[in-house]
1. Provide Rg over Rh for the range 38-83; use the alpha carbon set for both Rg and the Kirkwood Rh (inverse mean inverse pair distance).
2. If you keep only loop residues by DSSP, which trypsin sites (Lys or Arg not before Pro) in the range 146-206 have at most 14 other Cβ atoms within 10 Å of their Cβ?
3. Enter the per residue convex hull volume of the range 133-183, computed from alpha-carbon coordinates, in Å³ rounded to the nearest integer.
4. Report D for the range 157-222 in µm² per second (integer): Stokes-Einstein, Kirkwood Rh on Cα pairs, 20 °C, 1.002 mPa s.
5. Any of Lys71/Lys221; Lys101/Lys220; Lys59/Lys210; Lys18/Lys101 with alpha carbons more than 27 Å apart? Name them for me.
6. Taking a 1.4 Å probe, which of Ile82, Ile76 shows the most accessible area, and what order do the others take after it?
7. Determine how large the accessible area of Ile60 is when every protein chain is in place; take a 1.4 Å probe and give Å² rounded to the nearest 10.
8. Provide the per-residue ³J(HN,Hα) series for the range 42-53, in order, calculated from phi with Karplus coefficients 6.51, -1.76, 1.60 and θ = phi - 60°, each as a whole number of Hz, with x at glycine and proline positions.
Amino acid sequence: GSCPLGTLQNALSAMDRKLPFYILGVLLLFGVTMGRTICGFLCPFGLVQELLYRIPVPKIKKNRVTQELSKVKYVILAVFVIILPVVFKAASGLPVPAFCKYICPAGTLEGGIPLVLLDDSLSGLAGALFHWKVLVLAVILVSACFLYRSFCRILCPLGAIYSLFAPVALLGVRIDRDTCVDCGRCVRTCKMDVRQVGDRECIQCGECMKECNVDAIYWKKPWDVKSKK
């Protein structure tokens, strides 16, 4: 009811009959207004990862490897959300939401597993594909204990879509360059693979504001983007 990826994949499969104006419009609306603020404050699977990361186990700090891995979500977006649904439709005539079908851990955790547990008739239908999805979910959940928001950072194609709107989104954080002293503390303490506050990897959580000693980071206001408070 909230993730537009499945709708987007089915709409792309139906492009031979109609253009996906509706879902593209929804993504454009959410992207321009909120951008990755959705990731920081609204994503339920993001909450699950946040809670898992609080488990007291050794943590993997961000580094060059995690920064490079953060680019994988754009590959996932291109291959599983855009290319494969179109290819499957051309080959078989049937729409196949490849990302939802083969990868999406949120759908497995929040939809697939509860349905199988609550409906005995479905448990007999859960075959190899369902077990594969449970395995993918388990790997991601375990990784989230060690690596902050591992799915958001590396695999989530919806985050990849919203990240493209980072420069223009009405909501989010911004740096007052006249006040900033370029100490770099905000980037160093951020758990995401940001290179600067508010870039494509920033989930707009606002935690960096607590780290800024000169109050150079502030929330953007749609009606006054130059306002400092």
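1. Looking at the range 38-83, the ratio lands at 1.06.
2. The qualifying sites are Arg177, Arg195.
3. 119 Å³
4. Result for D is 177 µm²/s.
5. Lys71/Lys221; Lys101/Lys220
6. Highest to lowest solvent-accessible surface, that is Ile82, Ile76.
7. 90 Å²
8. 10, 6, x, 6, x, 4, 4, 5, 4, 5, 5, 5
The values are calculated or read from the model by the stated rules, or taken from the named source; none is laboratory data. These numbers were taken from a predicted model, which means no experiment stands behind them. Virtual Cβ from ideal backbone geometry, glycine too; neighbours counted across all protein chains shown. Ligands, DNA and RNA are stripped out before the accessible areas are found, and what is left, the full protein with its side chains, is counted by its heavy atoms. Shrake-Rupley method; radii C 1.70, N 1.55, O 1.52, S 1.80 Å.
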